[in-house]
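Read through the structure below, which is laid out as structure tokens, and then see the notes.
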4 protein chains.
Amino acid sequence: MTLLIIATGGTIDKSYAPGAGTRELENNETQIPAILAQARVDGYAHTVLLAKDSLDITEPDRQRIAAFCADAAHDRLMITHGTDSMVATAAAIAAHPGNAAKTIVLTGASKPWCLKNSDADFNLGFAAGVAQFSAPGVWIAMNGQAHLHHDVAKNPTTGMFEARTKVDTE
Amino acid sequence: MTLLIIATGGTIDKSYAPGAGTRELENNETQIPAILAQARVDGYAHTVLLAKDSLDITEPDRQRIAAFCADAAHDRLMITHGTDSMVATAAAIAAHPGNAAKTIVLTGASKPWCLKNSDADFNLGFAAGVAQFSAPGVWIAMNGQAHLHHDVAKNPTTGMFEARTKVDTE
Amino acid sequence: MTLLIIATGGTIDKSYAPGAGTRELENNETQIPAILAQARVDGYAHTVLLAKDSLDITEPDRQRIAAFCADAAHDRLMITHGTDSMVATAAAIAAHPGNAAKTIVLTGASKPWCLKNSDADFNLGFAAGVAQFSAPGVWIAMNGQAHLHHDVAKNPTTGMFEARTKVDTE
Amino acid sequence: MTLLIIATGGTIDKSYAPGAGTRELENNETQIPAILAQARVDGYAHTVLLAKDSLDITEPDRQRIAAFCADAAHDRLMITHGTDSMVATAAAIAAHPGNAAKTIVLTGASKPWCLKNSDADFNLGFAAGVAQFSAPGVWIAMNGQAHLHHDVAKNPTTGMFEARTKVDTE
């Protein structure tokens, strides 16, 4: 099945460049092609739109992502994104009329793919399964659970995504 | 969403026990709980039914797997299984009347999870996405593609699963 | 052979704590026991003295490390340390009269041990070999080369340690 | 310092080739260049002489390894080798008069380098440290301990190398 993955940066794509200079994990080049190669996945399209920590994603960035989805020939898309503002970007995508009939799944990682114990591979696989079989809508798919974007929030204590009602009442 | 994972062995679960004695990868204990923990997945049920290379899975084993699925309280199940006879087990599961209304997804790995570059994490995540959103039926979900069991075969040259028509004609 | 490893932090020990809050690699708990366990090394003593990026190591810290080495019952010691000020700490250790007859080897990593492609395991093993067989003195052992501390400098461009004469003349 | 690594196969070099056909770990191509690259080691020479499980190494193989060491221009050499017959190969090397003045260090791994939790990197680093600083002789360097070849045996229960007196008396 045809599927398009749009990378925007976030923790999943952070990598570490040793040597002189910066010592921190940074959004340099995307790890998505390497994840797909390790998973022996063939036939997904993928592109890089942004390479930002999601705290740095601006409202114009969100409009750009939303428009890119609407303009894409694909009806089923995945977006890799930092978790902090993933829900806000999902809302912007859903607000674009050109995305009304599309299935768009946002995912990311709690730990960068370059780390030994990353959740990136599982999350990307999970999101790919959701993207291929779920109904149209904008979804957040993380750590084995998928929610429509308006029904989910990131728990500020655990960093995990939960159904909004659950987070609100705790 | 409630989901039950049934481990039967296969490449995904092979591990390496150094020391005196055997030097080969073997199906000792299941790796599924470790994969789920790394993926920070909470709330999936999982159990071990068999720990066999799929070339050693017998017809009675298949009947046992099929009956276990039918008897399970869950409507959505995943089965981790070796790839060589995955399609045969899927057919046995589908032939059991008790599974007619269930969504059952078989997955596994080309490289054991204990290896650095395994496809196990992605595959398990992908199968979990398929299991939660696909229609009832018995599915094979590997390397980013999902097929109903009667429409897929393992390519004997590449080891990849492909739509049956494509394999037959090549 | 008896050997004491003293952890002071640095890149080798940086780890990543997902969840709410900080997103960067930090010197939380030491990775040295995990590295030794993976290497199936038994019988080395190890302790944590500091947990700092080496840019944050102060002159009093250096005096403390030097005194700790001098006071230790061991004649052969290893120190894990960040690379940026490794040479300065080595000089402080060498200046302490109590260390004159000891073999003390500093090592670290260009990439944290928690990363998939870290040089930490090799470096720690290499330093252990140097510590057990080299003559008394304070050594820097990194990336397969060992130098007495007064004969080495970190190349500011590549981040690698090189014989001082070579760095100076390039 | 100039150092020559001679690969002969063994567990350290076993890798896994998915796809149709064999499913076991095999001695195909050597992993030594990849280990050195990950460790950012520059300047060691390395060559492949054999690619065998050490149980398959014959007496003529041992003579060939011994002669290769004697003929090499290097005075300090490392040999990667399977652990089961490592001591026998070390004895053959030591019996060759051309090796009398050389420092030759044999090492290997309990778990293949292709596994997530391999001891290969540490062992190769450790052996490199021993090879650069120990006195002439034929050494076994594994898991953080180095012994002259005539003073070591593999414990048949634990798979670890121990001083011969200790193994004999237990």
Inset, instruction - Keeping all protein chains in place, calculate the accessible area per residue for the range C:36-82 (probe 1.4 angstrom), answer in Å². - result: 46
Inset, instruction - Over the range D:1-82, calculate the relative contact order: mean separation of alpha carbon pairs under 8 Å at least 6 apart, over the residue count, as a percent. - result: 50
Inset, instruction - Between copies, how far apart are the C:Gly98 label points? List them in nm, one decimal, shortest first, with each point 7 Å from Cα toward Cβ, please? - result: 5.2, 7.1, 7.2
Inset, instruction - Count the net charge of all other residues whose Cβ sits under 9 Å from the Cβ of B:Gln31, scoring Lys and Arg as +1 and Asp and Glu as -1. - result: -1
Legend entry - Rel. contact order, % - alpha carbon contacts under 8 angstrom, at least six apart, the range D:66-110: 57
Inset, instruction - Output, in nm with one decimal and in ascending order, the distances from the A:Ala73 label point to the matching label points of the other copies (7 Å from Cα along Cα-to-Cβ). - result: 4.9, 5.8, 7.4
Legend entry - Antiparallel bridge percentage (DSSP; both residues within the protein assembly as shown; nearest 5): 35
Legend entry - Computed FRET value (nearest 0.05) for B:Glu26 with A:Gln63, which takes r as the C-beta separation and R₀ as 56 Å: 0.55
Inset, instruction - Take each uninterrupted DSSP H stretch in chain A, measure its Cα extent along the helix axis, and return the ones at 15 Å or beyond whose mean Kyte-Doolittle hydropathy is at least 0.0. - result: A:120-133
Inset, instruction - On the protein heavy atoms, probe 1.4 angstrom, tell me the percent of accessible surface of chain C carried by carbon and sulfur. - result: 54
Inset, instruction - Go through B:Lys154/D:Lys111; B:Lys14/C:Lys14; A:Lys116/C:Lys102; C:Lys154/D:Lys102; C:Lys154/D:Lys116; A:Lys52/C:Lys14 and tell me which ones have a Cα-Cα distance over 25 Å in this structure. - result: B:Lys154/D:Lys111; B:Lys14/C:Lys14; A:Lys116/C:Lys102; C:Lys154/D:Lys102; C:Lys154/D:Lys116
Inset, instruction - Please give, to one decimal in nm, the separation of the simple spin-label points placed at D:Arg164 and C:Thr47, each 7 Å out from Cα toward the Cβ. - result: 3.7
Inset, instruction - Sorted from largest down, give the three principal axis spans of the alpha carbons of the range A:1-87, whole angstrom values. - result: 43, 35, 17
Inset, instruction - For A:Val48, list long-range residues whose amide hydrogen, built 1.01 Å from N in the peptide plane, is under 5 Å from its own amide hydrogen. - result: A:Ala7
Legend entry - Computed log₁₀ I(q)/I(0) - Debye formula, equal Cα scatterers, no solvent, chain C, q 0.11, 0.18 Å⁻¹: -0.41, -1.12
Inset, instruction - Pull up all non-local amide H partners of B:Leu106: gap of 5 or more, or a different chain, and H-to-H distance under 5 Å with H placed in the peptide plane. - result: B:Ile79, B:Trp139, B:Ile140, B:Ala141
Inset, instruction - Taking each pair of different alpha-carbon atoms in the protein assembly as shown once, compute 1/r for the pair, average those values, and report the inverse of that mean as the Kirkwood hydrodynamic radius in Å to one decimal. - result: 27.0
Inset, instruction - For the range B:130-154, state which residues have at least 50 Å² less accessible area in the presence of all protein chains than in their chain by itself, taking the probe as 1.4 Å and leaving out ligands, DNA and RNA. - result: B:Phe133, B:Gln145
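How much net charge surrounds A:Ile12 when only other residues with a Cβ under 11 Å from its Cβ are counted (Lys, Arg +1; Asp, Glu -1)?
Once positives and negatives cancel, what remains is -1.
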Inset, instruction - Let me have the relative contact order for chain B, percent, based on Cα pairs under 8 Å that are six or more residues apart. - result: 22
Inset, instruction - Report the residue, chosen from A:Ile140, A:Ile32, A:Ile79, that carries the largest GNM mean-square fluctuation when chain A is represented by alpha-carbon nodes joined by springs under 10 Å. - result: A:Ile32
Legend entry - Estimated FRET transfer efficiency (B:Ala100, B:Asp151; beta-carbon r; R0 22 Å; 0.05): 0.80
Legend entry - Rounded to whole Hz, the Karplus (6.51, -1.76, 1.60) HN-Hα couplings of the range C:30-45, x for glycine and proline: 6, 9, 4, x, 5, 5, 5, 5, 4, 7, 6, 8, 10, x, 7, 7
Legend entry - Residue of A:Ala131, A:Ala70, A:Ala90 that the Gaussian network model of chain A assigns the largest fluctuation, springs spanning Cα pairs under 10 Å: A:Ala70
Legend entry - Rounded to 5, the percent of DSSP beta bridges in chain A classed as antiparallel: 30
Legend entry - Interface B:A - total buried accessible surface [probe 1.4 Å, Å², rounded to 100]: 2500
Inset, instruction - In a Gaussian network model over chain C where Cα atoms closer than 10 Å are linked, find which of C:Thr47, C:Thr80, C:Thr158 has the largest mean-square fluctuation. - result: C:Thr158
Legend entry - Neighbourhood net charge (12 Å Cβ-Cβ; Lys/Arg +1, Asp/Glu -1) for B:Asn117: +2
Inset, instruction - Calculate the radius of gyration of the Cα atoms of the range D:94-170 to one decimal place, then report Dmax, the largest Cα-Cα distance, as a whole number, both in Å. - result: 13.3, 40
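The values are calculated or read from the model by the stated rules, or taken from the named source; none is laboratory data. Remember, it's a predicted structure, so these values are computed and weren't measured experimentally. FYI the Cβ positions are ideal-geometry reconstructions off the backbone, even for glycines, and counts take in every protein chain you see. Accessible surface is based on the protein model in full, side chains and every heavy atom, while ligands, DNA and RNA are left aside. Shrake-Rupley method; radii C 1.70, N 1.55, O 1.52, S 1.80 Å.
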